[in-house]
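Here is the structure we will look at.
Only the coordinates and a few stated rules stand behind these numbers; no lab work does. As the structure is a computational prediction, the values presented were derived from the model and not from experiment. Every residue, glycine among them, receives a Cβ derived from its backbone with ideal geometry; neighbour counts consider all protein chains shown.
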Amino acid sequence: MTLKDFQRLIKRNWILLLAIPIVTAASVYYFTLSQDKEYKSDTIIYTGIASGYRVTGKDDGNKLDGGAENAFDNLTTLINSREIKEEVALHLLARHLMLKEPDPRYIDAKTYDRLQELVPADLKQKLVGSSLNETVTKIRNYYNTNNNNPIYRIINSDDPVYSIYALSNIAPSRIGKSDLLWLEYTSNSPIISSQTLSILTDVFMNKHADVFTGQSQSVVSYFDESTQQAHNRLQAAEQKLAEFNKTHNIADYDRDFELTASENQKNLDKQNDLEMQQAGALSSLRSVEQRLRLRGGSNLQGQQIITQRNQLANLTNQITELEGLNNPANNARIANLKKEVTRVSNRMESTLNSYVPGISTSSLPNDYIANTILVEDLKSKLSLLKRQQSATAEAYNKLVPLAAESRRLKRELEVAEKEYLAQMDGLKQSRLTQQNVQISSQLKVVDPPNTPTSPVKSTTMMLVLFGFFGTLLLTTAGIIAADMLDGSLRKPSTAAKLTNFPVLGVLPETTGVKGKLLPDVNRAKEQFARQLLLKYHKNKESDAPYVVGVLSSLAGEGKSSVCNTLATSLNSMGIDTLTLLPESHANQVASEENVSFYSPLHGVTPGITVADLAGPHVFNYSIIIIEFPAVLENAYPVSLLQHLDLILVTVNAKRTWQQADKTIFENIQEVTKAPIEVVLNSVSPEFVEEFAGARVKPTNDDGYMPSNVPKKLDHREERAALNS
């Protein structure tokens, strides 16, 4: 579609393009006049999400990981939740039901009167309690009884005050990147807007605290229970280990085992040393005894020596026993025993001197006594050490089989202790987090809801403009779409494209045409006649008449108009023209000199000529125009097709070109040598310019025409020009 086609389309449908948008805009304006005025109230809540203080004394990283955005999304989702809206609606309804008359602080008179109609007096008496909380509880319980009670219907209706639908106007949003949450609400009453926001902030903050505190409390409860269980397991493990130590008389198994093993080894080493010392002392004693025997001491085994030796052995054994006890209280007794040893040694020395003559001058008695005392001392120590070693070995052998059980019990105790410490750490962290949540969940209203004094600016004009221009665009789009989908022939270029025949002329639609379009209609008719006249002079080869057949597929296509237009124009130009019409038109057309009638059935006979149908007087005319019956509906003079010089197919511009049309004229084209061209009838005058060209406007006020535009010739001059 070209710009010119678009202009024509708009010009043709301008009434529709104006009527629909104007009616739409007027309807929008009319229906918006009855709408209630809207009042908007807002409030600001401080959340502390992004930069609020924590128990830990530092930021928790919300800014970096996007946690602040998620937290604000949670807040807005919670505000827009159905549960919050239901709770706000119930609180608002409870507060208003408790009023006995309109109170400008809470409700206006119009809303109060409407509420009395919504809630019957008997139901109101049943729901109103002594306090606001009691009233809210009663209304909530009644609301939850079923889904068909009056309160449920009000909450879930489109009521402008008490419904969830009305509370959908609540709009929460974050202010920039701050910690502030902005809430606004729009209703038909300034008091209701303010009251609704006030109730919303209370309900929302309580619900927010419950949600977040509940989350942390569940975590704390989990760690409390887990810590108690871990503590019980730790006590059980400690009890098992204590009973194990008590049963086996063990203070600390690892320490006892280490000490016992070390003492056992030390006793073994000490025993080896004492045995070696004892062996050396015995060897020395035997050597001294041998020397004494060589000196004549044959009575060393006498009763007195043996008695004294036994006394020394007994005293030495007692000293060793007492010294092994390491008790300071035995020091005095040890000293006395040592004195007794000295006395016994002196007596033994005297006895030896009496037994061995001359021995007093040597060291043998002293050596004998010293070695005897040493042997007895080592013997006593070795005996004591063996007893100690036996006890140590017994304790060691008792501890060895208990090693595996002790390790298992200690391992259980260690695992239980680690688990308990881990649970304690988790409990500590969860309690710290709970404190953080309690602090961060304490929202604060920094800008209370205001009571608006003026309504929100009306959007009526915007809606009117939107309705006007919206329907204008839609209507224009619809007209363009309808024009593009229109399959009719409409204009000469479309007709030539669809029929595959050239367009010789157009006959504009004259119904309702007036003013500036009348000259275009006349120009189209004149141009049509001139085109035919050019065909006539171009193809005239003899004195025989130029025969033109006017055909159409269907009746009512305008063949008679075409014939009449051509005949009138040609006769006015001085060209003798005969119009030959079917005999069925005899009652419709007045008999004239240049009009004759024929029988189409007679023309079916082979070899029939125009003279046979109309008489020999046809040779007196220069052009003969023959109107054929509708070729798809009636019998037509087929024999005349071979005698035609030109075939004009008349087609109504308002209809489509069908396959039947295409087929019939392709068949006709095969049996005639005459060219076939189209005459488009009932064309819109706006398309005449496409065929006849645009009119040239005068260049000055006196009507002077430029020299390159030929002046209009009269018919005789035009005919003379064509003949020349």
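Please give the per residue volume of the convex hull enclosing the alpha carbon atoms of region 80-169, rounded to a whole number of Å³.
Convex hull of Cα atoms, per residue: 97 Å³.
Report, in listed order, any pair from K11/K457; K491/K673; K491/K538; K266/K339 with a Cα-Cα distance greater than 29 Å.
K11/K457; K266/K339
Extension gain T342-L322, at 0.36 nm per residue separation less the Cα-Cα distance, in nm?
Difference between extended and current length: 5.4 nm.
Using the per-residue mean of other Cβ atoms lying within 10 Å as a proxy for protection, in what order, highest first, do the peptides 153-164, 168-179 fall?
In descending order of packing, they fall as 153-164, 168-179.
If you plug each phi of region 97-105 into the Karplus form 6.51 cos²θ - 1.76 cosθ + 1.60 with θ = phi - 60°, what whole-Hz ³J(HN,Hα) values come out, in order, with x for Gly and Pro?
5, 6, 7, 8, 7, x, 10, x, 7
Any idea how far the Cα center of region 150-205 sits from the one of region 9-49, in Å?
The distance from the Cα centre of region 150-205 to that of region 9-49 comes to 24 Å.
Tell me the label-point distance for the pair Q116, L518, using the 7 Å Cα-to-Cβ offset, in nm and rounded to one decimal.
Label-label distance for Q116 and L518, simple model: 7.4 nm.
Please work out how much length the chain gains when fully extended from D483 to D273, using 0.36 nm per residue of separation minus the C-alpha to C-alpha distance, in nm with one decimal.
Working it through step by step, the gained length comes to 62.5 nm.
For a quick check: with amide H placed at 1.01 Å from N, whose amide H comes under 5 Å from Y546's, ignoring anything fewer than 5 positions away on the same chain?
I623, I624
So how far apart, in nm, are the two label points at Y29 and Q659 if each is 7 Å from Cα heading toward Cβ?
Here the modelled spin labels are 5.4 nm apart.
Which residues among region 640-672 fall inside the zone where the amide N is under 13 Å from a point 7 Å beyond the Cα of K11, along Cα→Cβ?
none
Could you give each residue of region 73-82 its phi-based ³J(HN,Hα) in whole Hz, using Karplus coefficients 6.51, -1.76, 1.60 with θ = phi - 60°, and x for Gly or Pro?
With coefficients 6.51, -1.76 and 1.60, one gets 4, 4, 5, 5, 5, 5, 5, 7, 5, 5 Hz.
Can you tally the net charge around N146? Count Lys and Arg as +1, Asp and Glu as -1, for every other residue whose Cβ sits under 14 Å from the Cβ of N146.
With Lys, Arg at +1 and Asp, Glu at -1, the neighbours total +2.
Note the full-extension length gain between F469 and K126 as 0.36 nm times their separation in residues minus their Cα-Cα distance, in nm to one decimal.
Value of the extension gain: 118.0 nm.
What pairs from K100/K444; K177/K444; K85/K138; K100/K207 go past 25 Å between their alpha carbons?
The answer is K100/K444; K100/K207.
For the pair V671 and H537, what calculated FRET efficiency results from E = 1/(1 + (r/R0)^6), where r is the Cβ-Cβ distance and R0 = 22 Å, to the nearest 0.05?
E(calc), rounded to 0.05, equals 0.25.
Local charge sum around T460 (other residues, Cβ-Cβ under 13 Å, Lys/Arg +1, Asp/Glu -1)? Working shown, then result.
Numbers: positive: K37, K457; negative: D36, E38.
Around T460, the surrounding residues sum to 0.
Set the Förster radius R0 to 51 Å, insert the Cβ-Cβ distance between K138 and N232 as r into 1/(1 + (r/R0)^6), and round the FRET efficiency to 0.05.
0.65
Neighbour counts of other C-beta atoms within 10 Å: give me D224, D113 arranged from fewest to most.
Ranked by crowding around the Cβ, least crowded first: D113, D224.
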